[in-house]
Each structure stands twice: as structure tokens, then as C-alpha cells.
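The values are calculated or read from the model by the stated rules, or taken from the named source; none is laboratory data. Note that the coordinates shown come from a computational prediction; the quantities given were computed from them, not determined experimentally. Ideal geometry is used to build each Cβ from the backbone, glycine not excepted, and the neighbour counts take in all protein chains shown.
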């Protein structure tokens, strides 16, 4: 695929994403997205009161929340008491307050306007992700396009992008920071560029707590610059320390007004309002309580199962599931991508075993995923929050891994891939023989995977880069199916 063809295809991908997101924004019943009422109330408070809200005890009425969810948010039950997101960094809400006022002035539905506004931010995030990946893998436009297409078609990502929340803005800023770090690696670090990067980091810190990922990526990039990729701390100079200090200083200055305000409201020891948040959401399920009641095995199973399902699609307030057969098909797709990524790494290492170091882009992509996953694990140590959408800030590097892994099956000879695909088939036959009941659907999926690999090989020969897009087209179709077959029937009043 040529760069020009990739840019043209990107327009199509973005249009599909906007179409899918608009369907979700318009059709999804009001408030039927996780925490949407609390995010909306934050925006409304700024628009109507002209000030940031204060998180207070009682803003997380656990019993009322469970009742209103169970009754599917009937009109007679107000969402106004749900204000437990008031501790969040303010940038998304400050920007959204203008959209709220504009919609209100035009007599338009404010909730729908805010959903579409969030979708617009998500569209910009995908475009920025493509631009950054074109610099990260300059010789692989199809990889950049496929990674963005995955994010554009992933059912759960479409659903969250078409709801009121601050996720899309942090995805945009992370993509821009990544893009900027690659540009600085090419052009060189200077004090001026470090100051500009610090401003971006400050904006990210004002968007969502997951901005720590951007800060970590900047630190990794600066260390790579200082050591020439050797990671030998002895090579760090005063100049690099000065640039790092300037970068952090500007980031702190950008975030300082909000931090100072929080210190005055919640106390000097709580500038991030996390202690106040823990106090307010006291009724929220904790991991410790679940572990004490159900044990470690049940906790691990729930964590893996729910994280997987809610990454691909578990809608509403985590109460709307897809058919189990769909999750099984997605599990096979995930396994193929994961195994293919391992094969890709083995092949790359065999082709160049003496490679001295991994390029910065690869280091940052791996670090991006690793830091996001660690943050997700840390959050789940405290609270029972098995929600795969918390991994979406790293969807750009996840998409790269997905495309490389899936594509590897099409780039290897069938004499090598066929035996690998036969292993699960043989295992299923053996298990069925022991149990006396053949798992026909699972066997059908394995056979379909084999046909998909063969078709992908043919498609890649005739239209390089098209096969991953075909997989994403299937996910886009699943997004439509999920909305009309599962979400609306389950959530409509």
C-alpha cells in the first residue's frame, strides 16, 4: 500500500467511524453509558454556575444509582444526584461547557450535542494516531492504517467514543505527545522543544489521571536521547537534566491552577482530590472485599473474563453482553493476533540477531502498553473495576500489535501456518471424544480461521494492506449488530 492510498483509505476509515459513532450517539438511550450522568453533571455545573464543582459526601448515592440503573433511567428519576466525577481534571469539561451552552442556546438536545462533540474529539484522536504511526513506521503505511481502523471499528471503543466522558481527549493528547516525541528524536531535543512538550504534558494532566502515561513516555524518550539508546545513565548530561526539569516545570505550571484550587478545597495533602474521591465512593465494590468473599481463583477468572469481554463489547453499565459465541470468535481472533505477534518477533530477531538496539518508536509503543496495563492492574488492586475500556488510551500501540500479529499469518508459508492452526482443531476433537460431545461451533471457528488465513494471503497478494482492513470491516459490522441486536433491546424503556 502506498502512502497516498493509505491517506485516502484513512478518510474512509474516519467516515465509517463517524457514521458508527453517530448511530451510537443518537440511538443509545440517555445515560446508558458508564458514568455518563456524572460526567454530564460536571459539564452542566460549569456551564450554569461558571465554576468547577466540588466533590462532596453524598455525590455517589450507591443505592439510588443501582435503582436508577435497574429501572433504565426513567424520566421521573433525576440524574442530578450523580456527581461523583467532580474530582476529575477539568480540561474536557471546560471545553465541553461551551458546547453545552451553544446547544442550549440553539434549543438542541444538550446530551446529544455533547456525545457528538466527544465523537469529534475521538475522530481527531484517530487522525493524530495515524499521523504519529506514519512517523513511527514510515515504511509501513498499511500498519498505521490498520491500527487506526481497529480503533475505529472496535464496538466498545465506538460506544465509549459516542458517550459523554473524557476518554477521547486523553487519547488525542497521548497520540499528539507520541507524535511530538518522535519528531524531537528526529530533529533533536532543544530547550525550546522541551518547553513545548511540557505544555502538552500539562494539558494531558488537566484531562485525565491516565496522563501519567504521557509523562512516562516523555521520560523514556529523554533517557533514550541522553544515552544514545544504550540506557546507560552515566551518559546523562546536565543539559539533558536541564531539559527534563524545564519540561516538568512547564507541565507543573500548566496544571498548577487546578492543583492549587484542589489544595484549597480538599486540603493541602490532597491536590489530586483522590483522598476525597475514596471517601465519597465508599460504597463502591473493592477488590479486597471480593477476594475475601470469593477467593483468589474466582477473582482471577472474573478479572480475565470481564476485561476481555468489556474490551471488545460489554455495553450499558456493563450489563449488556454479546452472545457467548461472539466472544468465542473474538477470543480466537485475539489468540491469532497474539500468536502472530510472537511469530513476528521471532522472525525479526532471526533476520537480524545482531541488532544493537530497538528503535525509539518500538520502545515507546511497548512502554505505552506496559504502563497502561500496570495502571489498570493498580486500579484493580483497589477497586473492582474490570473494564477493558480502561486500556483504550493505549489503543494505538495495541492496534499496531494486532495488525502485525494478524498479518504475520498471511506472510508465512501455509506449510508452516497450517500445522499451527491444526493444533487447536486436534485438541478440540480429542476433548470432544473424551466428553462424548463434539464442540462443533468451536471446530467451525478453527476451520473459518484457516479459510481466513488462506483468503488473507490471496487478498494481500492482490491488494497489500487490504486484509487487516477486511477484519476491521467485520468488526464495524459487529458494532452495528451489537447496537441493534443487543444494546437497544436490553436498554430501551
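Say whether the condition of being surrounded by 24 or more Cβ atoms within 10 Å (Cβ to Cβ) and within 19 Å of residue 487 (Cβ to Cβ) is met by at least one residue in segment 141-154.
Yes; the residues of segment 141-154 include at least one that is surrounded by 24 or more Cβ atoms within 10 Å (Cβ to Cβ) and within 19 Å of residue 487 (Cβ to Cβ).
Anything in segment 24-34 that is crowded, with 21+ Cβ neighbours inside 10 Å and in a helix (DSSP H, G or I)? List them, or say none.
24, 25
Right, residue 240: surrounded by 17 or more Cβ atoms within 10 Å (Cβ to Cβ), in contact (Cβ under 8 Å) with a residue 24 or more places away in the chain and closer than 24 Å to residue 374 by Cα or not?
It is false that residue 240 is surrounded by 17 or more Cβ atoms within 10 Å (Cβ to Cβ), in contact (Cβ under 8 Å) with a residue 24 or more places away in the chain and closer than 24 Å to residue 374 by Cα.
With the structure loaded, tell me whether residue 382 is in contact with a strand residue (DSSP E or B) (Cβ under 8 Å, 6 or more places away or on another chain) and either more than 26 Å from residue 209 (Cα to Cα) or at pLDDT below 90 (or both) or whether it fails that test.
Yes.
Could you say which residue among 213, 176, 220 is at pLDDT 90 or above and crowded, with 22+ Cβ neighbours inside 10 Å?
On the way: 176 fails: crowded, with 22+ Cβ neighbours inside 10 Å; 220 fails: crowded, with 22+ Cβ neighbours inside 10 Å.
Step by step, each of 213, 176, 220 is checked, and only 213 is at pLDDT 90 or above and crowded, with 22+ Cβ neighbours inside 10 Å.
Taking segment 35-57 as the search range and keeping residues that are free of Cβ contacts under 8 Å to residues at least 60 places away in the same chain and outside any helix (DSSP H, G or I), which one is nearest to residue 490 (Cα to Cα)? Step through it out loud before you land on a result.
First pass over segment 35-57, keeping only residues free of Cβ contacts under 8 Å to residues at least 60 places away in the same chain: 37-38, 41-42, 45-51, 53.
Next cut, outside any helix (DSSP H, G or I) only: 50-51, 53.
Numbers: 50: 37, 51: 37, 53: 33 Å.
The selected residue is 53.
Could you check segment 481-493 and list, in sequence order, the residues that are surrounded by fewer than 17 Cβ atoms within 10 Å (Cβ to Cβ) and either touching a helix residue (DSSP H, G or I) at 6+ places or on another chain (Cβ under 7 Å) or not in a helix (DSSP H, G or I) (or both)?
Listed by number, the residues that qualify are 488, 492, 493.
Results for (1) modelled with pLDDT of 95 or more; (2) in contact with a helix residue (DSSP H, G or I) (Cβ under 6 Å, 6 or more places away or on another chain); (3) surrounded by fewer than 17 Cβ atoms within 10 Å (Cβ to Cβ), shown as yes or no for each residue.
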| position | (1), (2), (3) |
| --- | --- |
| 43 | yes, yes, no |
| 52 | yes, no, no |
| 58 | no, no, yes |
| 71 | no, no, yes |
| 78 | yes, no, yes |
| 89 | yes, no, no |
| 115 | yes, yes, no |
| 120 | yes, no, yes |
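Under 6 Å by Cβ, and 6 or more places apart or on different chains, what pairs join a residue from segment 455-477 that is on the phi > 0 side of the Ramachandran plot and surrounded by 19 or more Cβ atoms within 10 Å (Cβ to Cβ) with one that is outside any helix (DSSP H, G or I) and at pLDDT below 95?
465/1
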